[in-house]
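Read the structure below first, then the notes.
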Amino acid sequence: MTSIGGAGMVDWNLAVATATRLVRPGPEISREEAREVVAELRRHAKAAEEHVRSFTRMIPEGTEPEDTPVLVVDRAGWIRANVAGFRELLRPLLEKMEERRGGGTGGAVLGAVGSKVTGVEVGMLLSFLASRVLGQYETFAPATRDLPASADGGGRLLLVAPNIVHVERELEVDPHDFRLWVALHEETHRTQFTAVPWLRDHLQGEIQSFLDETDVDPMTVLERLREAAQSLAGGRPEGEEGEDGGRSLVEIVQTPAQREILGRLTAVMSLLEGHADYVMDGVGPEVVSSVGEIREKFQQRRARGASRLDQALRKLLGLDAKLRQYRDGERFVRAVVDEVGMDGFNRVWTSPNTLPTKAEIAKPEDWIARVHRKAES
């Protein structure tokens, strides 16, 4: 895991070691209670399968979708899984950057910084995220010795037990209801990718196109990172806010072509996240008796954020945009289902051409007119 492309741009082993060393400790819990939590999360994940399939009608009755493993992990397990995924997804980009690093001033700068420093930086960001993720469907998940994946080399569902326990205690909600509620959200993501065979390849193609368009000149990347840091810290001289003042790091480090791709990716992610939120709340009243209380408290927690540092990091990493994806996507799904029913909404999974655009996420009636009215005319 130490290198990618020749000498290596990122020391991935060091990233894992740094993140696991810096990540906050989980909530205090006895060994017996920990075993009970893990067992219950596994039961809920299994039960959630049938609830989600019945509600979404995405998988025809009697059809067995591709099987993907469900793993209940701690924070260190989540870190290891995501490092493995990052290595796979970023490999082409890092190999290009490695080739460009060979000579010139930019190459000398990155050579001096070195893969170990980059590994530490990646580890620091992962340590921040590892205590915040409740669950995750890993779409691009190469199997490792400790972390199995689906047979085709991608796909597994992670439930991060200490984070789930932490949040249920913080919100003071029924722990059994909260664990099932989380499992419903993550199971919806698993259903999306197992029931729609083309979705994974489409998403991977869009991401790779985004990475292929990246300006891999090391000095340019460093300059944009510096601008992002100055913008975040308010370090620009007065009157020089410019158009990047309110952007996240992800938005600043991109070319015009990438903006088009990012718009399509944003629409897809808004759809997937909003659909998962809609399903977890739609199934909830029948199987999660306190779903109303859970949703209200969880929404307040999302909106509230945490410390100033936490808010700054959320902005830098683009996590605020992810929160908007939940909200905007859920509104899109609800509006479409209200208008054309669940089967009408499920036309969204027909092909990449029936996915909503970013503009259609904001105006669901335009998607309905394009996909339904055109098909009926």
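The values are calculated or read from the model by the stated rules, or taken from the named source; none is laboratory data. As the structure is a prediction and not an experimental result, all values here were calculated from the model. Because the Cβ atoms are built from the backbone with ideal geometry, glycine has one as well, and the counts that use them run over all protein chains shown. In case anyone asks, the SASA skips ligands and DNA or RNA and just uses the protein heavy atoms, side chains included. Shrake-Rupley method; radii C 1.70, N 1.55, O 1.52, S 1.80 Å.
Being in contact (Cβ under 8 Å) with a residue 40 or more places away in the chain and either surrounded by fewer than 22 Cβ atoms within 10 Å (Cβ to Cβ) or out of contact with any strand residue (DSSP E or B) (no Cβ under 7 Å at 6 or more places or on another chain) (or both) is true for just one of GLU168, GLU206. Which residue is that?
On the way: GLU168 fails: in contact (Cβ under 8 Å) with a residue 40 or more places away in the chain.
So the residue among GLU168, GLU206 that is in contact (Cβ under 8 Å) with a residue 40 or more places away in the chain and either surrounded by fewer than 22 Cβ atoms within 10 Å (Cβ to Cβ) or out of contact with any strand residue (DSSP E or B) (no Cβ under 7 Å at 6 or more places or on another chain) (or both) is GLU206.
When segment 271-291 is examined, which residues are found to be closer than 19 Å to TRP367 by Cβ and open to solvent by less than 10 Å² (accessible area, probe 1.4 Å)? Break it down stepwise before answering.
Start the filter on segment 271-291 by keeping residues that are closer than 19 Å to TRP367 by Cβ, which leaves 271-279.
The answer is LEU271, LEU272, GLY274, HIS275, ALA276, ASP277, VAL279.
So, in segment 311-343, of the ones that are of a type in the set (Lys, Arg) and open to solvent by 40 Å² or more (accessible area, probe 1.4 Å), which residue ends up modelled with the lowest pLDDT?
Start the filter on segment 311-343 by keeping residues that are of a type in the set (Lys, Arg), which leaves 314-315, 322, 324, 327, 331, 334.
Next cut, open to solvent by 40 Å² or more (accessible area, probe 1.4 Å) only: 315, 322, 324, 327, 331, 334.
Numbers: LYS315: 54, LYS322: 57, ARG324: 70, ARG327: 86, ARG331: 94, ARG334: 96.
If we take residues in segment 311-343 being of a type in the set (Lys, Arg) and open to solvent by 40 Å² or more (accessible area, probe 1.4 Å), then LYS315 is modelled with the lowest pLDDT.
Kindly provide the set of residues from segment 350-371 that are among the polar types (S, T, N, Q) and within 21 Å of the chain's Cα centre (by Cα), ordered by number. Walk me through it before giving the result.
Our first condition is that a residue be among the polar types (S, T, N, Q); within segment 350-371, this holds for 350-351, 353-354, 357.
Matches in segment 350-371: THR357 only.
Is there a residue in segment 141-164 that is open to solvent by 20 Å² or more (accessible area, probe 1.4 Å), over 27 Å from ASN346 (Cα atoms), more than 14 Å from the chain's Cα centre (by Cα) and modelled with pLDDT of 90 or more?
Yes, that holds for at least one residue.
crowded, with 21+ Cβ neighbours inside 10 Å, touching a residue at least 12 places away in the same chain (Cβ under 8 Å) and more than 16 Å from the chain's Cα centre (by Cα): is that true of TRP181 in this structure?
On the way: crowded, with 21+ Cβ neighbours inside 10 Å: yes; touching a residue at least 12 places away in the same chain (Cβ under 8 Å): yes; more than 16 Å from the chain's Cα centre (by Cα): yes.
Here the answer is yes, as TRP181 does meet what is asked.
Can you give me the number of residues within segment 335-351 that are more than 15 Å from LEU272 (Cβ to Cβ) and in a helix (DSSP H, G or I)? Break it down stepwise before answering.
Filtering segment 335-351 for residues more than 15 Å from LEU272 (Cβ to Cβ) gives 335, 337-344, 347, 350-351.
Now restrict to residues that are in a helix (DSSP H, G or I): 335, 337-344, 347.
So the answer is 10.
Take segment 20-51 and flag every residue that is within 22 Å of the chain's Cα centre (by Cα), within 16 Å of PHE178 (Cα to Cα) and open to solvent by less than 60 Å² (accessible area, probe 1.4 Å).
LEU41, HIS44, ALA45, ALA48
Restricting the search to segment 1-19, which residues are assigned to a helix (DSSP H, G or I), modelled with pLDDT under 90 and open to solvent by less than 40 Å² (accessible area, probe 1.4 Å)?
Of everything in segment 1-19, those that are assigned to a helix (DSSP H, G or I), modelled with pLDDT under 90 and open to solvent by less than 40 Å² (accessible area, probe 1.4 Å) turn out to be TRP12, ALA15.
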